[in-house]
1. Mind listing whichever residues of the stretch A:436-485 are closer than 21 Å to residue B:108 by Cβ, in contact (Cβ under 8 Å) with a residue 60 or more places away in the chain and among the small types (Gly, Ala, Ser)?
2. One residue is enough: does the stretch A:513-531 have a residue meeting the conditions among the β-branched types (Val, Ile, Thr) and away from chain B (no Cβ under 14 Å)?
3. Any chance you could count how many residues in the stretch B:89-107 are open to solvent by less than 10 Å² (accessible area, probe 1.4 Å) and more than 10 Å from chain A (Cβ to nearest Cβ)?
4. Take the stretch A:51-71 and flag every residue that is in contact with an Asp or Glu (Cβ under 8 Å, 6 or more places away or on another chain) and either within 9 Å of residue A:92 (Cβ to Cβ) or part of a helix (DSSP H, G or I) (or both).
5. If a residue has to be within 30 Å of residue B:119 (Cα to Cα), within 7 Å of another protein chain (Cβ to nearest Cβ) and open to solvent by less than 10 Å² (accessible area, probe 1.4 Å) to count, how many in the stretch B:142-183 make the cut?
6. Tell me, please, whether a residue that is among the hydrophobic types (A, V, I, L, M, F, W, C), within 14 Å of chain B (Cβ to nearest Cβ) and open to solvent by 60 Å² or more (accessible area, probe 1.4 Å) can be found in the stretch A:607-624.
7. If residue A:238 satisfies every condition in (1) within 25 Å of residue A:373 (Cα to Cα); (2) touching a strand residue (DSSP E or B) at 6+ places or on another chain (Cβ under 9 Å) but one, which is the exception?
8. Can you confirm whether residue A:534 is within 10 Å of chain B (Cβ to nearest Cβ) and closer than 17 Å to residue B:109 by Cβ?
Amino acid sequence: MSGAVTMQQALALAGLAVVLALASTLVSLLAKRVPATLRLAATPLLGLAGLAALAAGLIALALGGTVQTTLPLGLPWLPWHVRLDALAGFFLLLIGVVTCAVGLYAPAYVRGFEHGHDSLTALGGFSGLFLTGMLMVVLADDAFLFMVAWELMSLSSYFLVAYHHEHSANRRAAFLYLLMAHVGGLMILLGYGVLAAFGTGFSFSELRAAELPPIWAGVAFALAFMGFGMKAGLVPLHAWLPEAHPVAPSHISALMSGVMLKVAVYGFIRFVFDLIGQFPWQWGVVVLIIGCLSALFGVLAALLQTDLKRLLAYSSVENLGIIFIGLGLSLVFLSTGYRSLGALAFVAALYHCLNHALFKGLLFLGAGAILHSTHERDLDQMGGLLRRKPWTGLFFLVGVLSISALPPFNGFVSEWLTFQAALQAWQLQSGVLRSLIPIASAVLALTGALVAVTFVKVYGVAFLGQARSRHVRRARPGPWGMQAGQGFLALLCLLLGVFPTWVIGLIDAVPRAILGGGLPQAGAYGWLWLTPVSPQTASYSGPLIVLMLAGIGLTVFWGLNYLWSRGAPVRWIRRGDAWDCGFAPPSPRMQYTATAFAQPIRRVFGLLFQIDETMTRQEDGTLRHRLHIGDRFWGLLYLPIARAVESAARRVVLLQSGSVRVYLGWTLATLVGLLWIIT
Amino acid sequence: MDNYLTLPGWVLAVFQSCLYIALAPLLVGWVRKVKARLQNRRGAPLFQAYRDLYKLLAKEARVAHTASPLFRAAPYIVFTATWMAAATVPLLVVDLPTAAIADIIVLVGLLALARVFLALAGMDVGTAFGGMGASREMLIGALAEPAMLMAVFTLAMTAHSTNLSSVIDYHLVDGFVLRPSYLFALGGLILVAVAESGRIPIDNPTTHLELTMIHEAMLLEYSGRHLALMEWSAQIKLLLYGTLIANVFFPWGIGRGFGAAALGLGLAAVLAKLAALGAVLAVGETVLAKMRLFRAPEFLNLALLLSLLGLLSHVILEVGA
Amino acid sequence: MNLSLLPLLQQLVLVLAAIVLFLSFVLLAQNRLISAIHAFAWQGALVAAVTTVVAATGHIHHLYFSAALTLALKALLIPWMLHRLVRRLELERHTESLQSPTLVTMAAVALVIFSYWLVLPMIQEELTFTRNIVAISLAVVLIGLLMMVFRTQAVAQVLGFMSMENGLFLAAVSATGGMPLVVELGVAFDVLVAMVLFGVFFLQIRESIDSLDVDRLNRLRETGGDQ
């Protein structure tokens, strides 16, 4: 009995989160008069909403139950259904964590906007609505509320992308985002339509009961995969993402990349794993292949960028690719009857969702901190920031190590789990699947290694070395609030890497609820040992790794610096100029830039991109190097569609005669036609 | 799980880890000696590498004004991560607790951790050579890491385990079986080992030309004990790859119990195998020339192809349905 | 199928067949003609070795003869002829790289998986050994054809053609214990004649268009076009 009561409380907490987010919107209306409202009331309310969502998610995951209710809103015959189960709880947790960090970070960050001419009301108001939309998508239990919340999320984030609208490039990015979001929304709507056509209504419980013939199930799957994949930025529907995410204010970028993309993953899981429920293995292969393409393309594109926030956005494409590799593996295993292996891959994908939210949020907040104090996004102008912003540098390093999937941080655990799932492919009956899945894991391995290259480039160029421009040289450590936000996420990155058994114990409620079976053996040997399949197959002990790394490292340090030095005749450390093989003293301009660092990779993988590189000699005898890296998908996919739409529009323009009566005539004809069709 | 975590197991694990750092300079000395003999030189004494390390450890460390704290922390991190990675590879006996703490994927991850910090340290002072070395090292690493993972996945899929002890156990139980997949995995792993430990034809550990350096270019700013740790971890890495190849593909002789006889036999066997591998490496380095940097991707693509063919031939030829 | 239960000689056949497949990849991606000819010679030698091992395991005596024939023809005579041809055409230092070697290699990997998929319906347990070898042989044939598609150099195309023949021979030997001797002799003779004809053709082509790039033969198309 008490369990049911606490599930109710979880739902109430989730409701409180929505109310707080809406309150943040309302408070922001005052920001036009009193600019400090945004900093003192609106963003803290956002953080509190995050905290409430976090608590609700934790309770829902810990209890693993389900609670639902209807709201007295919506259409007369279709009230809004709300439901909180383990899956929704997991994503509430994910939204809540990042929002908490943003709530800590944003007050100091938005202070920089108080003296600008952009509307603070718009920033605060749409941030609140954006969070409301995301929370409601996760809580929705019918297609109608889901679509309303989905559109609320898309529209409000459009206004946030267009926030710095004085640059035409930003307006263009925002328009592209709006366009793609709506095409995606349309596909999702059609997907629900297909389900509803075979069901009895629009609530999820009715959709779940719908009996679909295989062909229509395939159509629904294709629509949902395209719709949610578009929002998640999967290749080749990713073009809007690297344009839109970087131009929003940094804490919003963190929310968009860290959280909104996961809401798309949530939609996909809810639609395919929960609502359709039955799938052939071919879907899994499709998801797997698209995931591989996204992962590889995303990381290569990220590697070639020099704009820090754009680079992070491309890296989101890559991480979503990894998540979908996990989901594809899960679909393959589930459809061939290996439920526990399916659960393993599913847990790996969810774990990576959470990890990506944490480290991508952290990295975007770090990029925002750099932007805040230097007004610089171009890596080639940065350098030496570690000594000027030591805390940001430390937290960013944690983010870099996490995203590069290095032990003992969190990114490593989810990739390790994905590998473990892929390595169980030998159990499958089909020989083709047995040979395809290892190739997918090869792609995953290559991706992981390239991510490390990308982020070594970022960290080495931005935080190490010497400053390459004047305003970067004058960078100062940011306000404590911003550092606290990053520190919170960095700490979680470490904890999730060191104690994976606890995290999996929590996540495990989701596959138990959705797939009907979890991973009981993962923590069977205590919290110290992660054994996803069996201890003979594989085991990993995060705590012991950390203990040994720290223990050995400190022992070596102590031994060499104190024990060994006793009685040493010379001074133990001496500072001097850089040696650099005795050449002229190195100047900041002699350092490797981000472009130079990526040059070997550009040469190896150049075919995948449209690279336009020229060297011209100026009149004063200096050489000028121009490099432009284009996305091949623009020429292959988007421009032909745009041209086709334009030429179609040119035909339709004949209808536009300018006379009101002609328009009314068309209206009449349409009305008559529709009525005729209905009868 | 419990059969790993016994007190003698832990003691032996510590002993084996210490053996790794103790033996690492010896292997390098051996390779140098054989190479010198092949080139009709007498060469430095076998224990020269130890003397070099001792000398470096006793010298003061010089650090550039522009270096950040990361520069001074990196040698310790690189050394520790490489050492821990090595500790997971069974050297004398199987069934040690270290193999349960970290499986073969963690091993690759720990090596990647060391590589990332090495590259970051190279970029820290802000010299041109450091950045150059870091960029090249990361390129090689990015192509070598998937090849290595594919090669070890071939082993893992055959033995149905990513635990190195289990893999070796499986082969000892199975006896001598000719597996095409292992042949390819062995080829791929040897190429990766050559590339990752910075040997000819990818990198030349004895080069003095800054523009052709990869690994050494990142260490140019290091001196004293920092340099000693960096050199030492490179030597441990070479020993790690040698042991991995020797004990996984030719596991015979490795101890399966914790008795003195098993340990002695294991030590003798692994020393003999490593000596043979070292001689092969020396011959290879003598007959081959260093490649241009942009030939290196071809070399590593070959490694990737071999590992991939290893996986495929495992699926096609060895499993069947 | 459990590999460790097979007799050692059959394991050896598998290993040799896998190396034949690997050499197909080497042929496909090899830039230098001379090295490609060497790879081809090794492939022939390995096919001969497979034949010998199959002869030894099955006690099929006429297979010893075809092994010797293969060795003489594929590993020695034809590579020697190609070698001489290349020297006469002064192509020893000729290199030719594929447009995008990675993509072609990936295509070849896809062909391997495809051939495996094709033979999967043979599911009788006692046939798995044969089936797997047939998959490899089919892959060798398809990769040979792929090589002929993507290589522009005529000598390289001949190598592709010959390695296709290697694949067919491998399939015949391992699946059915070899073709009847008469057929085998006939095929060997055909290959030899083909080789001689290729040689004559190359010299002629070289004399008339001063190149062995088959893309230069494009003007032989029906519509004639601009030239």
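The values are calculated or read from the model by the stated rules, or taken from the named source; none is laboratory data. The structure displayed is predicted, hence computed values, not measured ones. Cβ: placed from backbone, ideal geometry, glycine included. Neighbour counts: every protein chain shown. Ligands, DNA and RNA are excluded from the accessible area calculation, which covers all protein heavy atoms including side chains. Shrake-Rupley method; radii C 1.70, N 1.55, O 1.52, S 1.80 Å.
1. Of everything in the stretch A:436-485, just one residue is closer than 21 Å to residue B:108 by Cβ, in contact (Cβ under 8 Å) with a residue 60 or more places away in the chain and among the small types (Gly, Ala, Ser), namely A:440.
2. Filtering the stretch A:513-531 down to residues among the β-branched types (Val, Ile, Thr) leaves A:514, A:531.
Retained after the next criterion (residues that are away from chain B (no Cβ under 14 Å)): A:514.
There is at least one residue in the stretch A:513-531 that is among the β-branched types (Val, Ile, Thr) and away from chain B (no Cβ under 14 Å).
3. 7
4. The one that is in contact with an Asp or Glu (Cβ under 8 Å, 6 or more places away or on another chain) and either within 9 Å of residue A:92 (Cβ to Cβ) or part of a helix (DSSP H, G or I) (or both): A:60.
5. As a first pass, look at the stretch B:142-183 and keep what is within 30 Å of residue B:119 (Cα to Cα): B:142-156, B:162-164.
Next, from what is left, pick out any that are within 7 Å of another protein chain (Cβ to nearest Cβ): B:142, B:145-146, B:149-150, B:153, B:156, B:162-163.
Filter again for open to solvent by less than 10 Å² (accessible area, probe 1.4 Å), leaving B:142, B:146, B:149-150, B:153, B:156, B:162-163.
Summing the residues that are within 30 Å of residue B:119 (Cα to Cα), within 7 Å of another protein chain (Cβ to nearest Cβ) and open to solvent by less than 10 Å² (accessible area, probe 1.4 Å) in the stretch B:142-183 gives 8.
6. Of the residues in the stretch A:607-624, the ones among the hydrophobic types (A, V, I, L, M, F, W, C) are A:607-609, A:611, A:615, A:623.
Within this subset, residues satisfying the condition of being within 14 Å of chain B (Cβ to nearest Cβ) are A:607.
With the extra rule that they be open to solvent by 60 Å² or more (accessible area, probe 1.4 Å), the set shrinks to A:607.
Checked against the condition, which is being among the hydrophobic types (A, V, I, L, M, F, W, C), within 14 Å of chain B (Cβ to nearest Cβ) and open to solvent by 60 Å² or more (accessible area, probe 1.4 Å), the stretch A:607-624 yields at least one hit.
7. (1)
8. Numbers: within 10 Å of chain B (Cβ to nearest Cβ): yes; closer than 17 Å to residue B:109 by Cβ: no.
Criteria not met by residue A:534.
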